[in-house]
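Please read the structure below before turning to the comments.
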Amino acid sequence: MIVIFFILLIHISITDAWDGICPSDALESTTSKVCYTFSSTTATFSQAQFQSNAAKHGWPDFWIGAALTKVYNDAGVVKIWTWEGLEKLMKYDNWGFNEPSNKDACAAVKTSDSTWFVENCTQPKHYVCSIPVKVDVCDDQWTYFSVTKSCYKVYFHSDWITAENNCVAQGAHLVSVHNKQEDLFIQDLSHCGQQIGDASKGTIIGLYTTTNDNGKWQWSDGSTTDYVPWGKYEPNYPGEEKCGSIYTDPTSDGPAGYWNNMGCGRQLRNFVCKKNPDQVNIK
């Protein structure tokens with residue numbers, strides 16, 4: 001179906017881009033990076049430029065974003081059909097028989113045969129709007145993980161509290177982990193690839209407790225504590241070791257992937273910050 005082309009054009013340079021995201025009530029285009037929403041109400045052509053509602057079908061016709069536009073050149077004034085809001089020449093049209101008549105300045109589509117016809121712009125009709133697809137973009141040197149739709153970055157040599165403060169300064173928190181896939185991703189991101197020394201060579205994560213009995217652990221970003229695969233005999237030393245880490249390489253204290261509790265003031269090899277990506281509109 002042809003759509004009203006009200007696309008916000010933003011020219012950006014994206015170093016890391018992923019599949020676009022459409023709103024939950026929109027349909028994704030199969031041929032271009034836009035989303036479509038369908039109106040269940042009617043509007044004039046001008047009103048349709050500013051309204052968009054979720055969708056029902058079965059209309060006899062509907063507005064598209066084609067409008068007759070005055071263009072001034074050395075020869076005077078000429079009228080050409082462009083996409084409204086873009087002032088963009090048409091690369092495709094599907095005019096019906098004896099169309100465009102140029103008797104009016106706006107175009108609509110017949111749903112019976114998908115042909116276009118010219119109509120008075122003040123005639124109320126259903127309409128379809130296109131909106132930009134959004135893509136997730138991480139800051140430079142941050143790594144995107146599509147499973148969680150989050151951005152991650154490794155920093156080095158810190159205790160838990162300093163690490164969390166460093167993450168917060170970056171608009172992030174120490175990493176929270178919510179499934180095995182994310183667990184393995186964090187290990188892959190922060191490991192060095194060979195057996196290392198003791199637990200001080202581990203990776204700080206955002207897990208901590210305020211209790212003295214190891215009864216309740218939580219994430220510094222406030223997310224649900226729904227995945228905590230403690231290593232054997234962990235957590236231990238209740239009331240003393242109130243922060244969490246992962247051995248992302250084999251150590252003398254445990255295998256790679258081992259979750260350990262530690263003293264919050266202890267310096268470890270590295271830590272991982274996690275934050276939401278920016279969402280950028282693309283045409």
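Every condition in (1) under 34 Å from the mean Cα position of the chain (by Cα); (2) over 22 Å from residue 172 (Cα atoms) holds for residue 233 except the one numbered (1).
Can you tell me which residue among 177, 168 is crowded, with 17+ Cβ neighbours inside 10 Å and of a type in the set (A, V, I, L, M)? Walk me through it before giving the result.
Details: 168 fails: crowded, with 17+ Cβ neighbours inside 10 Å.
The conditions single out 177.
Scanning for something assigned to a loop (DSSP other than H, G, I, E, B) and aromatic (Phe, Trp, Tyr), does region 201-212 turn up at least one residue? No, there is no match, as no residue in region 201-212 is assigned to a loop (DSSP other than H, G, I, E, B) and aromatic (Phe, Trp, Tyr). Within region 229-251, being without any contact (Cβ under 8 Å) to a residue 40 or more places away in the chain, part of a loop (DSSP other than H, G, I, E, B) and either loosely packed, with under 15 Cβ neighbours inside 10 Å or among the aromatic types (Phe, Trp, Tyr) (or both) holds for 232, 233, 236, 237, 238, 239, 240. Filtering 206, 231, 202 for residues that are out of contact with any Leu (no Cβ under 6 Å at 6 or more places or on another chain) and among the small types (Gly, Ala, Ser) leaves a single hit, 231.
One residue stands out in region 92-132 among those that are touching a helix residue (DSSP H, G or I) at 6+ places or on another chain (Cβ under 9 Å) and part of a loop (DSSP other than H, G, I, E, B): the one that is farthest from residue 79 (Cα to Cα), namely 124. Screening region 221-264 for residues that are in contact with a strand residue (DSSP E or B) (Cβ under 8 Å, 6 or more places away or on another chain) and of a type in the set (S, T, N, Q) and picking the one that is nearest to residue 162 (Cα to Cα) gives 245.
Suppose the filter is over 12 Å from residue 274 (Cα atoms) and either among the charged types (D, E, K, R) or not in a strand (DSSP E or B) (or both); does residue 135 pass it? No.
Bear in mind these aren't lab numbers, they're just calculated from the coordinates by the rules spelled out. Keep in mind the model is a prediction, meaning the values are calculated, not measured. A quick note on method: Cβ atoms are made from the backbone with ideal geometry, for glycine too, and the neighbour counts reach across all protein chains shown.
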